[in-house]
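Have a look at the structure below before the remarks.
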Amino acid sequence: MRRQTLCIPLIPLVLFLCLSGCQGSVQENNLALALRADFLAMDGCSGTMDVTADYGERVYAYTVSFSSTQETGMTMVITAPQEVAGITATIAEGQTYLAFDGVQLETGPLNEEGLSPLDALPAFLTAMQSGYMAETGSELLGETETLRICCREPEREPGQGIETILWFDQATKNLLQGELRSEGTTVVRCVFSSFALTQKTTEKG
């Protein structure tokens with residue numbers, strides 16, 4: 001059950017003008033705007049997610065806990081399966097590596113552009129802060145009514161290039177699931193058991 005409704009450009013003023021001329025419901029439009037505002041105001045995030053990475057001939061699944069701040073960057077720790085539990089991914093200053101007992105490990109690319117499973121969560125955050133929201137609409141995820149947001153490059157058609165798809169609980173605004181798709185195929189799926197934003201604090205002089 002999916003209903004696509006609107007296109008959202010990046011510039012806030014154009015965003016509001018575009019929404020006034022689109023066919024999405026007021027509730028969906030306002031929720032998309034409120035979610036972007038929350039992500040723009042964030043200092044970091046934390047939570048737990050189940051990640052599935054599809055390499056075509058092989059599929060990997062694992063559970064990851066994560067936390068981030070603007071000052072320290074992002075850290076992701078694999079907690080399951082047991083044989084790889086404890087492996088830590090650190091993302092800072094545009095560099096990504098896996099560290100375990102002081103040894104750096106690499107993850108293979110998922111497509112020709114070098115997309116990695118580690119790119120998923122940063123891609124979700126970037127999409128919500130500055131991505132071109134090409135589609136939004138209401139969709140049932142299980143029994144939960146969600147807002148589905150699809151971000152991709154403005155000149156691309158559906159199913160072309162890299163697409164970032166996110167599902168938010170319409171009642172709670174919680175992020176429930178995210179996907180990275182390459183040429184229409186889902187290569188990374190993240191299902192969140194918890195997700196929380198940390199908002200920036202304003203220091204008083």
All positions within region 167-193 that are small (Gly, Ala, Ser), within 24 Å of residue 27 (Cα to Cα) and at pLDDT 95 or above
178
Do you know which of the residues in region 34-46 that are touching a helix residue (DSSP H, G or I) at 6+ places or on another chain (Cβ under 9 Å) and assigned to a strand (DSSP E or B) is nearest to residue 167 (Cα to Cα)?
45
Taking region 142-171 on its own, how many of its residues are farther than 19 Å from residue 115 by Cβ, charged (D, E, K, R) and touching a Lys or Arg at 6+ places or on another chain (Cβ under 7 Å)?
1
The listed residue being over 20 Å from residue 162 (Cα atoms), in a loop (DSSP other than H, G, I, E, B) and either touching a Cys at 6+ places or on another chain (Cβ under 7 Å) or modelled with pLDDT under 90 (or both), out of 56, 86, 114
86
Checking the structure you have, find out if any residue of region 183-191 is surrounded by 21 or more Cβ atoms within 10 Å (Cβ to Cβ) and touching a helix residue (DSSP H, G or I) at 6+ places or on another chain (Cβ under 6 Å).
yes
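Per-residue answers, yes or no, for (1) exposed (fewer than 13 other Cβ atoms within 10 Å of the Cβ); (2) part of a loop (DSSP other than H, G, I, E, B); (3) among the hydroxyl-bearing types (Ser, Thr, Tyr):
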position: 140; (1), (2), (3): yes, no, no
position: 154; (1), (2), (3): yes, yes, no
position: 157; (1), (2), (3): yes, yes, no
position: 197; (1), (2), (3): no, no, no
For residue 62, all conditions in the list (1) among the aromatic types (Phe, Trp, Tyr); (2) touching a Gly at 6+ places or on another chain (Cβ under 9 Å); (3) modelled with pLDDT of 60 or more hold save one; what is the number of the exception?
(2)
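The values are calculated or read from the model by the stated rules, or taken from the named source; none is laboratory data. Predicted model, so just to flag it, every value in this text is computed and none were measured. Here the Cβ is made from the backbone with ideal geometry for all residues, glycine too, and neighbour counts use every protein chain on show.
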